[in-house]
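Written out below as structure tokens is the structure these notes cover.
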Amino acid sequence: MIDPTTAIRRRDLLAGGVGLSTFAALPALPAWAQGHGLSPHTGQHAALTGPDITLTIARQHMMIDGKPFHAIGINGSAPAPLIRLREGQRVRITVVNALDEETSIHWHGLLLPFQMDGVPGISFPGIPAGGRFTYEFPVVQAGTYWYHSHSGLQEQEGLYGPIVIDPAGADPIASDREHVVLLSDHSPLHPHAIFRRLKLQGGYFNYQKQTLAGLLAGRDQPLRERLDWGRMRMDPSDVSDVTGSTYRYLVNGHGPADNWTGLFTPGERVRLRLVNASAMTNFNIRIPGLTLTVVQADGQDVRPVTVDELQIAVAETYDLIVSPTEDRAYTLVAETWDRSGMARGTLAPRMGMAAPVPALRPRPLATMKDMGMGGMDHGAMAGGCSPEHAAMGHRQPGAAAKMDHGTMSHDMRDFANAPSLPRTPVVQTVAPMPVDRTGEPPQGLADVGHRILTYRDLMSAQVSPDTRTPSRALTIHLTGNMERYMWAFDGVKLNAVTAPIPFRLGERVRVTLVNDTMMAHPIHLHGHFFELVTGHGDHAPRKHTVNVAPGGTVTFDLTADAEGDWAFHCHMLYHMHAGMMQVVTVRRDADTGAAA
């Protein structure tokens, strides 16, 4: 039988300009992706380094588990080459567009002038077909980051790569060896074909729906709960929009059968630089037999915290230390959050070794808490709002709400907790009792029986650069309509926004994100880091992307210290494409012409 999701037709090969005899000559993955695993101090990474770098974007093919797939790559490789820079240098990166359409490169997590941020229509015009653009900026930070297209849906086709920035001085994170671990998802379907299917039916790719057999076997929700979900026209198995029914999940461009391998010598401290460059997939990471020590989040050093598993949301990065002592192989498991597939790699003393690959665990089901019916006792939350949070008079939206499940309307809209939200089709639900879930394991990981990383486990290794009390508070609702596949901030899609979200240069603002949908949203703010309000005071973790749990809230403090216009969006690619994006503008005080 031919798998219709992976079959490559003759006309596809001809259209791509690549014949069967050509696949043997396809360019190899870049050296960093092949897992040679020498000491990072030997220069083994074959990275592109400054001060002058040229990136040529073109269509190509990539091999995944022995099969050819259409892709967009850079300098002949997909994923794109590793860029390795040093804090304090200045870099000039010329991007040559060999596509027949506009393109761009965004430097995810890098602090730079907004004109260099790489978002067409916001920070620059884009790079036209056949054109080029030179990005030039100082490198003012260190850590693990990545880069990707911000044009159309090109990111889904392979236009992404890792960035490693070494500290100007000695690295405070000691390791004997390191590996970049770039996670992604890839489909034989064109991304616009995926989007069309989602618009026709939001759960199109969900092949894990509840069944009568599951009910009888006790694997799925009880009948009464299933009837409640049916009355709400919601599907509790709809955890992920795009699933393993079309995706192949990759480690450094390798499918599970390719078995990417990173080498180590027993007794070494091995640093794993994890980057989630996928379009729509959060991954649950574990390495059976090894503990994971988290030392960096989104490129920022954190106090080491040891766990057995963590979830890395789309666009996040985590640096881990592992210390294998045995002369054997270990499986790096990157299970998708909906358990519809797995990216898999190996850590081993020698090439060619492998360890057992665990089976996929049962898929999670959304709960009433994921619908925003999280509870009432906000004061009892461990490590809850800080004293200064309470002093500002902030409360969790909906803390006084009541919900009678028997009288819920079919579309679940109840604007009592968000009266300012517009009555538009993009607001299918309003969470009646959203709660801060940053101290909870991510969806589906509460009962796995071992230590799971939560956001409240993260503490910055350094004192926050700005410890001022915020001067104002801002609440933003994450809204959507799964049936129509529409997503937005505050019920307004990007193409309907009349004005950007304004900040005064230098002001300190407390922002609360309220997720009124039953899906998680990794929210990314360009050009800035923010401090999560998780009870750690002046050692609050600094991030550029935060995953907001279904029916949950996340609060962060932001210093608007980067003048210009910046994209602010959900990093689920199709959510952003469907409207969950706005522009943040940071301007000097209009009256004084000076920073606030």
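The values are calculated or read from the model by the stated rules, or taken from the named source; none is laboratory data. Predicted, not measured: the structure shown is a model, and the values here were computed from it. A quick note on method: Cβ atoms are made from the backbone with ideal geometry, for glycine too, and the neighbour counts reach across all protein chains shown.
May I ask you to list the residues in segment 80-113 that are touching an Asp or Glu at 6+ places or on another chain (Cβ under 8 Å) and either under 19 Å from GLY169 (Cα atoms) or not assigned by TED's automatic domain parsing to the domain that holds GLY130 (or both)?
Once the filter is applied, which keeps residues that are touching an Asp or Glu at 6+ places or on another chain (Cβ under 8 Å) and either under 19 Å from GLY169 (Cα atoms) or not assigned by TED's automatic domain parsing to the domain that holds GLY130 (or both), segment 80-113 yields ARG84, LEU85, ARG86, GLU87, ARG90, VAL91.
Condition check ((1) among the small types (Gly, Ala, Ser); (2) within 25 Å of GLN154 (Cα to Cα); (3) not assigned by TED's automatic domain parsing to the domain that holds GLN156) across all residues:
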| residue | (1), (2), (3) |
| --- | --- |
| ASP516 | no, no, yes |
| LEU525 | no, yes, yes |
| ALA549 | yes, no, yes |
| THR553 | no, no, yes |
| ASP557 | no, no, yes |
| ALA560 | yes, no, yes |
| ASP565 | no, yes, yes |
| HIS577 | no, yes, yes |
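Report, by residue number, each residue of segment 498-523 that is part of a loop (DSSP other than H, G, I, E, B), closer than 25 Å to MET368 by Cα and not small (Gly, Ala, Ser). Give the derivation first.
Filtering segment 498-523 for residues part of a loop (DSSP other than H, G, I, E, B) gives 498-500, 505-507, 516-520.
Pick out the ones that are also closer than 25 Å to MET368 by Cα and you get 516-520.
Residues satisfying the conditions are ASP516, THR517, MET518, MET519.
So PRO81 fits all but one of (1) under 18 Å from PRO256 (Cα atoms); (2) within 25 Å of the chain's Cα centre (by Cα); (3) at pLDDT 50 or above; what number is the exception?
Result: PRO81 fails condition (1) only.
So which residues in segment 353-372 are more than 18 Å from THR261 (Cβ to Cβ) and either out of contact with any Ser or Thr (no Cβ under 8 Å at 6 or more places or on another chain) or modelled with pLDDT of 95 or more (or both), if there are any at all?
Within segment 353-372, ALA359, LEU360, ARG361, PRO362, PRO364, THR367, MET368, LYS369, ASP370 meet the criteria.
If you scan segment 450-485, which residues turn out to be over 23 Å from the mean Cα position of the chain (by Cα) and either on the phi > 0 side of the Ramachandran plot or of a type in the set (Gly, Ala, Ser) (or both)?
Selection gives SER464, SER471, ALA473.
Table: residues versus (1) more than 29 Å from MET486 (Cα to Cα); (2) at pLDDT below 95; (3) out of contact with any His (no Cβ under 9 Å at 6 or more places or on another chain).
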residue	(1), (2), (3)
MET519	no, yes, no
CYS570	no, no, no
ALA578	no, no, yes
ALA594	yes, yes, yes
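Within segment 446-461, how many residues turn out to be out of contact with any Ser or Thr (no Cβ under 8 Å at 6 or more places or on another chain) and surrounded by 14 or more Cβ atoms within 10 Å (Cβ to Cβ)?
Here the count works out to 7.
For segment 295-306, what are the residues that are crowded, with 19+ Cβ neighbours inside 10 Å and either assigned to a strand (DSSP E or B) or among the acidic types (Asp, Glu) (or both)?
Selection gives VAL295, GLN296, ALA297, ASP298, GLN300, ASP301, VAL302.
As an exercise: evaluate LYS199 against (1) assigned by TED's automatic domain parsing to the domain that holds THR103; (2) in contact with a Lys or Arg (Cβ under 9 Å, 6 or more places away or on another chain); (3) part of a helix (DSSP H, G or I); (4) not small (Gly, Ala, Ser) and give the number of the one condition it does not meet.
Among (1) assigned by TED's automatic domain parsing to the domain that holds THR103; (2) in contact with a Lys or Arg (Cβ under 9 Å, 6 or more places away or on another chain); (3) part of a helix (DSSP H, G or I); (4) not small (Gly, Ala, Ser), the lone unmet condition for LYS199 is (1).
Does PRO465 qualify as being of a type outside the set (A, V, I, L, M), outside any strand (DSSP E or B) and in contact with an Asp or Glu (Cβ under 6 Å, 6 or more places away or on another chain)? Explain how you work it out, then say what you get.
On the way: of a type outside the set (A, V, I, L, M): yes; outside any strand (DSSP E or B): yes; in contact with an Asp or Glu (Cβ under 6 Å, 6 or more places away or on another chain): no.
Criteria not met by PRO465.
Only one of these is modelled with pLDDT under 95, surrounded by 13 or more Cβ atoms within 10 Å (Cβ to Cβ) and small (Gly, Ala, Ser): GLY218, GLY202. Name it.
The conditions single out GLY202.
For segment 166-190: of the residues being in a loop (DSSP other than H, G, I, E, B) and among the aliphatic types (A, V, I, L, M), which is nearest to ALA461 (Cα to Cα)?
Start the filter on segment 166-190 by keeping residues that are in a loop (DSSP other than H, G, I, E, B), which leaves 167-176, 187-190.
After this cut, where a residue has to be among the aliphatic types (A, V, I, L, M) as well, the list is 168, 170, 173-174, 189.
Working: ALA168: 17, ALA170: 15, ILE173: 11, ALA174: 14, LEU189: 43 Å.
Selected residue: ILE173.
Would you point out which residue out of ASP436, ASP466 is in the same structural domain as LEU573 (by TED's automatic domain parsing), under 30 Å from GLY564 (Cβ atoms) and touching a residue at least 24 places away in the same chain (Cβ under 8 Å)?
After applying the criteria, what remains is ASP466.
Which members of segment 45-74 meet the condition of being within 29 Å of GLN300 (Cβ to Cβ) and part of a loop (DSSP other than H, G, I, E, B)?
If the condition is that a residue be within 29 Å of GLN300 (Cβ to Cβ) and part of a loop (DSSP other than H, G, I, E, B), then HIS45, ALA46, ALA47, GLY50, PRO51 are the ones that fit.
Across segment 272-294, which residue is surrounded by the most Cβ atoms within 10 Å (Cβ to Cβ) among those that are within 15 Å of VAL307 (Cα to Cα) and hydroxyl-bearing (Ser, Thr, Tyr)?
Here the answer is THR293.
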